[in-house]
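For reference, the structure discussed in these notes is given below.
The values are calculated or read from the model by the stated rules, or taken from the named source; none is laboratory data. If you're wondering where the values come from, they're calculated on a predicted model, not measured in any experiment. Glycine gets a Cβ as well: all are built from the backbone with ideal geometry, and neighbour counts include every protein chain shown.
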């Protein structure tokens, strides 16, 4: 695992030896385990590779504390990136076991309640935007932080190692300086107690990164030249492992989440398609569909006029602040997503490509049935209609209402001028709590339903359109 003299000379051998020595000194300075963030891009690969070579020079007795490598899988990553990261993590674990270095590679994922599809299709959260970027914390920050906090609980303190560089942006440099501990190479983590941050390539320029990767082979067996192809095909800047809200997003040119609507244009996906990955085109079309729902002229057509708490929020000018996607829109999005999955399975390299999991489908089904009174039980029907397959769905022990009963309820409520959605919600609460020995929460839940705004959309909009006298 040593670097030959030609490589060292090309890379400024003295600088490289000094950096390796610094890494070893920081590692040996205390008993805190390391958690290295790996995104699969050039910067995180450089940092990890340098650490691997530096620590491989230590004796077995000195390698006394573990080094955890974590990669964030949002479950909506571009399939090509997932393939690259999965292969890399597998090779890392094999190489570590073979050579005896204390590295172990792990994927961190959002919990099922926080996944992109459970929130967007299940709860009806609108496609993320710069003003409402609900995805980053749920998909990236929380999974990484859970892993870090687990290690803090085990060891008391940890060192988080990130492949970030000052020259990436003035904001990045400012953030790195803000939390730096006086007289130390470590910084305090901006949000997690007992977690510290080490940035071994912070002074590198981008040409240092590429020179290192192209002239020093990967210790876990990757071909670093594949990274050049990946970046050229994606025309992408690095999408870093996000561990707090100070970490910048991936930017306008990026690889990462294929559903990202925070950026105006997905130049990454377009470049991959232009470079021969035509099977990705259905993903781009679906992403454009999500982006179209952000059009101000479309919002009130696809989103409910009430918030998820049942209240109406008005703007200062009297206009309505739209709430979650309407149920019929969510049904359409699920159908189109499953159709997209079917197409890329047929045309792409992986006939088992999964855009949405069974667990997510179950969670969406539960939310629709309990929160928006989907008495039709739409999810299994949509799934079978698109795929032609039957899944083994979780059975509900409580007797469920049917679509026929919903039509009857709508007719009765219409005749008596009572909001059928309100009555349906009350009936669902009673059904859910029926037979329970403790029903202490029933009155509060029923009261909360009555506190919702049950005016029709026309009744809400009409006063807001009145001109002041």
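Condition check: farther than 30 Å from residue 433 by Cβ, part of a helix (DSSP H, G or I) and outside the structural domain of residue 424 (by TED's automatic domain parsing). Does residue 346 satisfy that? Yes. Does residue 241 meet the test of being within 24 Å of the chain's Cα centre (by Cα), at pLDDT below 80 and in a helix (DSSP H, G or I)? No: the conditions fail for residue 241.
Can you find a residue in the range 35-56 that is surrounded by fewer than 21 Cβ atoms within 10 Å (Cβ to Cβ), in the same structural domain as residue 218 (by TED's automatic domain parsing) and touching a strand residue (DSSP E or B) at 6+ places or on another chain (Cβ under 9 Å)? The answer is no; no qualifying residue exists.
Residue-by-condition table, conditions (1) surrounded by fewer than 17 Cβ atoms within 10 Å (Cβ to Cβ); (2) modelled with pLDDT of 95 or more; (3) touching a helix residue (DSSP H, G or I) at 6+ places or on another chain (Cβ under 7 Å):
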| site | (1), (2), (3) |
| --- | --- |
| 323 | no, no, no |
| 333 | no, yes, yes |
| 358 | yes, yes, no |
| 361 | no, yes, yes |
| 369 | no, no, no |
| 373 | no, no, yes |
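State whether the residues of the range 2-17 include one that is at positive phi, buried (at least 18 other Cβ atoms within 10 Å of the Cβ), touching a helix residue (DSSP H, G or I) at 6+ places or on another chain (Cβ under 7 Å) and modelled with pLDDT under 95. Looking for residues that are at positive phi, buried (at least 18 other Cβ atoms within 10 Å of the Cβ), touching a helix residue (DSSP H, G or I) at 6+ places or on another chain (Cβ under 7 Å) and modelled with pLDDT under 95, one finds none in the range 2-17, hence no. Just the residues that are surrounded by 18 or more Cβ atoms within 10 Å (Cβ to Cβ) and under 17 Å from residue 381 (Cβ atoms), please, taken from the range 342-356. Correct list: 356 only.
Is at least one residue of the range 390-401 modelled with pLDDT under 85, part of a loop (DSSP other than H, G, I, E, B), surrounded by 18 or more Cβ atoms within 10 Å (Cβ to Cβ) and more than 26 Å from the chain's Cα centre (by Cα)? There is at least one residue in the range 390-401 that is modelled with pLDDT under 85, part of a loop (DSSP other than H, G, I, E, B), surrounded by 18 or more Cβ atoms within 10 Å (Cβ to Cβ) and more than 26 Å from the chain's Cα centre (by Cα). Note on the range 96-135: among residues that are assigned to a helix (DSSP H, G or I) and surrounded by fewer than 20 Cβ atoms within 10 Å (Cβ to Cβ), the one that is nearest to the chain's Cα centre (by Cα) is 114. The residues in the range 140-157 that are surrounded by 14 or more Cβ atoms within 10 Å (Cβ to Cβ) and over 16 Å from residue 114 (Cα atoms) can be counted, and the count is 6. Scoring residue 231 on the criteria (1) touching a helix residue (DSSP H, G or I) at 6+ places or on another chain (Cβ under 8 Å); (2) modelled with pLDDT of 70 or more; (3) outside any helix (DSSP H, G or I) leaves a single failure, condition (3).
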